[in-house]
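Visitor: Next up is a structure, given as structure tokens.
The values are calculated or read from the model by the stated rules, or taken from the named source; none is laboratory data. Owing to the predicted nature of the structure, the values given are computational and were not obtained by experimental measurement. Ideal geometry is used to build each Cβ from the backbone, glycine not excepted, and the neighbour counts take in all protein chains shown.
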Amino acid sequence: MREPSAELIIDIDIIRNNIIYLKSLLKTDTKFMAILKANAYGHGLDIITKSIDDLVDGYGLVRLEEATIVRKYTSKKILLMQGVYSKDDFKIAYDNKFDLVVHNKNQLFAFENSDINIWLKVNTGMNRLGFLPEEITSLHKLYDLNKRKYVLMSHLACSDNPKDQLNDKQFKLFDQLTNSLEANFEKSIGNTGCILNFPDQCFDWVRSGIGLYGGVLGNKKLKSAMTFRSKIIEIRNIKQNDRVGYNGRVIAKKDMKIAIVYAGYADGFPQSIKDTSKVVINDQVAQIFGQVSMDLISIDVTNISNCNIGDWCILWNEKNTHTKIAKDSNLISYELMTRITPRVKVVYENL
């Protein structure tokens, strides 16, 4: 038998269908920006760009290196969502026709070139990046922005929870600011949560990341495009009171049968995943039993019929989603998607 390998299967049709669904919630003149930061949330920059370019109006990235990769495959708008931090990087951005976010005073040199598209960021409540509303007003006067076309943007902190009062606060601050300015600008505050829960606030541009890949808890329309799996390499019977794995963290309460799966935290499956987290073997639900190690995961297969060495163990997929697994272990789906390591074999379906 060849050495087994953990596999990551990515279904391109699911990503495309997620985009089509999200766009169906928007006004026809709202432009859709696909966020591809962190290697397209672990799905692969080059393949994803080529596979969705006909559906989107632009792309958002954080790292300059990733933006230059995406530029090889598209002529559409590419936004550097944290801007640039030096004039050398500004030149690279200019040469590649990137749009730039300006979120602090150290980036104001970008206004010196009228040919580059600027997204001016206002902090309405996230309190990470962005100018205060009154600073935006001052910048308008200082740089005579009434004569320059740009995008005024902000970022929502709690849009995945429509009941959170911070949403209303952020919308009101953004609305007050935009109404106070007399300039030729577009507006962008909408992320995936905003598209789903506040479509009336989506304005000229939306910036959707997690929704493309299906990492939204509780939404049945957006599907997970990832299947993460590996093979069983050992099955063994253990006795009551036997301890399993490093630190002997779990103790068998009865005689059991366990399967050892050829994957671990070196493949990107977190060591912090809790016992009793669900996996799927032969279309049957099983539970993790013991601490995840670097290369191996132990699974309770006592009640799994016809379980054999060489069978696939589905760590997550469209049905047993990374979103649910993350929630059960106090993680987030973003983390599970982006931590898959290079030693995992990647397979694309429906290219």
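Visitor: Please go through region 150-166 and give me each residue that is in contact with a Cys (Cβ under 7 Å, 6 or more places away or on another chain) and under 10 Å from M126 (Cα atoms), ordered by number. Steps first, answer last, please.
Guide: Here is the first cut: in region 150-166, the ones in contact with a Cys (Cβ under 7 Å, 6 or more places away or on another chain) are 156, 159, 164, 166.
The answer is L156, L166.
Visitor: So, I258, is that one crowded, with 17+ Cβ neighbours inside 10 Å, over 24 Å from R339 (Cβ atoms) and within 34 Å of the chain's Cα centre (by Cα) or not?
Guide: Values: crowded, with 17+ Cβ neighbours inside 10 Å: yes; over 24 Å from R339 (Cβ atoms): yes; within 34 Å of the chain's Cα centre (by Cα): yes.
The answer is yes for I258.
Visitor: Of all the residues that make up region 300-316, how many are hydrophobic (A, V, I, L, M, F, W, C), over 28 Å from the mean Cα position of the chain (by Cα) and assigned to a strand (DSSP E or B)? Step through it out loud before you land on a result.
Guide: Initially, region 300-316 is screened for residues hydrophobic (A, V, I, L, M, F, W, C), giving 301, 304, 307, 309, 312-316.
Of the ones still in play, those that are also over 28 Å from the mean Cα position of the chain (by Cα) are 301, 304, 307, 309.
From the residues that got through so far, the ones that are assigned to a strand (DSSP E or B) too are none.
Summing the residues that are hydrophobic (A, V, I, L, M, F, W, C), over 28 Å from the mean Cα position of the chain (by Cα) and assigned to a strand (DSSP E or B) in region 300-316 gives 0.
Visitor: Restricted to region 91-104, and to residues that are in contact (Cβ under 8 Å) with a residue 12 or more places away in the chain and farther than 18 Å from Y59 by Cα, which residue is surrounded by the most Cβ atoms within 10 Å (Cβ to Cβ)?
Guide: To start, the set of residues in region 91-104 that are in contact (Cβ under 8 Å) with a residue 12 or more places away in the chain comprises 92-94, 96-104.
Then keep just the ones that are farther than 18 Å from Y59 by Cα; that gives 103-104.
On the way: H103: 21, N104: 16.
Among those residues, the one meeting the criterion is H103.
Visitor: Right, here's the next one. Return yes or no: is F109 of a type in the set (F, W, Y) and surrounded by 15 or more Cβ atoms within 10 Å (Cβ to Cβ)? Break it down into steps so the answer makes sense when it comes.
Guide: Working: of a type in the set (F, W, Y): yes; surrounded by 15 or more Cβ atoms within 10 Å (Cβ to Cβ): no.
No; evaluated as a whole, the condition is false for this residue.
Visitor: In region 88-103, what residues are charged (D, E, K, R) and in a helix (DSSP H, G or I)?
Guide: We begin by selecting, within region 88-103, every residue charged (D, E, K, R); these are 88-89, 91, 95, 97, 99.
Within region 88-103, D88, D89, K91, D95 qualify.
Visitor: Tell me the residue from I12, I35 that is touching a residue at least 24 places away in the same chain (Cβ under 8 Å), touching a Gly at 6+ places or on another chain (Cβ under 6 Å), among the aliphatic types (A, V, I, L, M) and buried (at least 16 other Cβ atoms within 10 Å of the Cβ), please. Spell out how you get there, then give the answer.
Guide: Values: I12 fails: touching a Gly at 6+ places or on another chain (Cβ under 6 Å).
Step by step, each of I12, I35 is checked, and only I35 is touching a residue at least 24 places away in the same chain (Cβ under 8 Å), touching a Gly at 6+ places or on another chain (Cβ under 6 Å), among the aliphatic types (A, V, I, L, M) and buried (at least 16 other Cβ atoms within 10 Å of the Cβ).
One line per residue, one yes/no per condition, for (1) of a type in the set (D, E, K, R); (2) within 18 Å of I14 (Cβ to Cβ); (3) at pLDDT 90 or above:
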| residue | (1), (2), (3) |
| --- | --- |
| Q287 | no, no, yes |
| I304 | no, no, yes |
| W312 | no, no, yes |
| T321 | no, yes, no |
| L331 | no, no, no |
| T338 | no, yes, yes |
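Visitor: Next question, about the same structure. Report, ordered by the first and then the second residue, all pairs with beta carbons closer than 6 Å, sequence separation of six or more or different chains, a first member in region 299-319 that is crowded, with 16+ Cβ neighbours inside 10 Å, and a second member that is among the β-branched types (V, I, T) and not in a strand (DSSP E or B).
Guide: From region 299-319, the pairs are C307/V301; W316/I325.
Visitor: Shifting gears a bit: For region 73-87: of the residues being within 13 Å of L36 (Cβ to Cβ) and part of a loop (DSSP other than H, G, I, E, B), which is nearest to the chain's Cα centre (by Cα)? Before you say what the answer is, go through the steps one by one.
Guide: Step one: filter region 73-87 for residues within 13 Å of L36 (Cβ to Cβ), giving 73-74, 76-81.
Going one step further and asking which of them are part of a loop (DSSP other than H, G, I, E, B), we end up with 73-74, 76, 81.
On the way: Y73: 20, T74: 21, K76: 21, M81: 14 Å.
Per the stated criteria, the residue is M81.
Visitor: Oh, and also: Identify the single condition in (1) over 23 Å from K327 (Cβ atoms); (2) at pLDDT below 95 that S277 does not satisfy, given that it satisfies every other one.
Guide: That leaves (1) as the condition not met.
Visitor: Moving on to the next point. Go through (1) in the same structural domain as W119 (by TED's automatic domain parsing); (2) in contact (Cβ under 8 Å) with a residue 24 or more places away in the chain; (3) in contact with a Gly (Cβ under 9 Å, 6 or more places away or on another chain) for K76 and report which single condition fails.
Guide: The one condition K76 does not meet is (2).
Visitor: Regarding region 63-71, can at least one residue be identified that is in a loop (DSSP other than H, G, I, E, B), out of contact with any Lys or Arg (no Cβ under 8 Å at 6 or more places or on another chain) and not aliphatic (A, V, I, L, M)? Spell out the reasoning first.
Guide: We begin by selecting, within region 63-71, every residue in a loop (DSSP other than H, G, I, E, B); these are 63.
Within this subset, residues satisfying the condition of being out of contact with any Lys or Arg (no Cβ under 8 Å at 6 or more places or on another chain) are none.
No, because not a single residue in region 63-71 is in a loop (DSSP other than H, G, I, E, B), out of contact with any Lys or Arg (no Cβ under 8 Å at 6 or more places or on another chain) and not aliphatic (A, V, I, L, M).
Visitor: Could you tell me which residue of region 5-32 is farthest from N197 (Cα to Cα), considering only residues that are modelled with pLDDT of 95 or more and among the small types (G, A, S)? Outline the logic, then answer.
Guide: Of region 5-32, the ones modelled with pLDDT of 95 or more are 6-32.
Narrowing the set further to residues that are among the small types (G, A, S) leaves 6, 24.
Details: A6: 36, S24: 13 Å.
Once the filter is applied, the top-ranked residue is A6.
Visitor: Still on this structure, please answer the following. Residues being under 16 Å from N113 (Cβ atoms) and part of a helix (DSSP H, G or I): count how many of those fall in region 143-154.
Guide: Residues in region 143-154 being under 16 Å from N113 (Cβ atoms) and part of a helix (DSSP H, G or I): 2 in total.
Visitor: Turning to a different aspect of this structure: What number of residues within region 111-136 are in a helix (DSSP H, G or I) and either modelled with pLDDT of 95 or more or not assigned by TED's automatic domain parsing to the domain that holds A67 (or both)?
Guide: The first filter runs over region 111-136 and keeps only residues in a helix (DSSP H, G or I), leaving 111-112, 133-136.
The next check asks that each one be either modelled with pLDDT of 95 or more or not assigned by TED's automatic domain parsing to the domain that holds A67 (or both); those that pass are 133-136.
Within region 111-136, residues that are in a helix (DSSP H, G or I) and either modelled with pLDDT of 95 or more or not assigned by TED's automatic domain parsing to the domain that holds A67 (or both) number 4.
Visitor: State all residues of region 36-56 that are within 21 Å of L351 (Cβ to Cβ) and hydrophobic (A, V, I, L, M, F, W, C); if no residue qualifies, say none. Talk me through it step by step, then tell me what you get.
Guide: In the first step, residues of region 36-56 are kept if they are within 21 Å of L351 (Cβ to Cβ); the result is 36, 39-56.
Passing the criteria: L36, A40, L45, I47, I48, I52, L55, V56.
Visitor: Just the residues that are farther than 22 Å from S86 by Cβ and either of a type outside the set (V, I, T) or touching a residue at least 60 places away in the same chain (Cβ under 8 Å) (or both), please, taken from region 112-123.
Guide: Step one: filter region 112-123 for residues farther than 22 Å from S86 by Cβ, giving 122-123.
Of everything in region 112-123, just one residue is farther than 22 Å from S86 by Cβ and either of a type outside the set (V, I, T) or touching a residue at least 60 places away in the same chain (Cβ under 8 Å) (or both), namely N123.
Visitor: Consider D88 against the criteria (1) more than 15 Å from N191 (Cβ to Cβ); (2) in contact with a helix residue (DSSP H, G or I) (Cβ under 6 Å, 6 or more places away or on another chain): it satisfies all of them except one. Which criterion is unmet?
Guide: (2) is the only condition that D88 fails.
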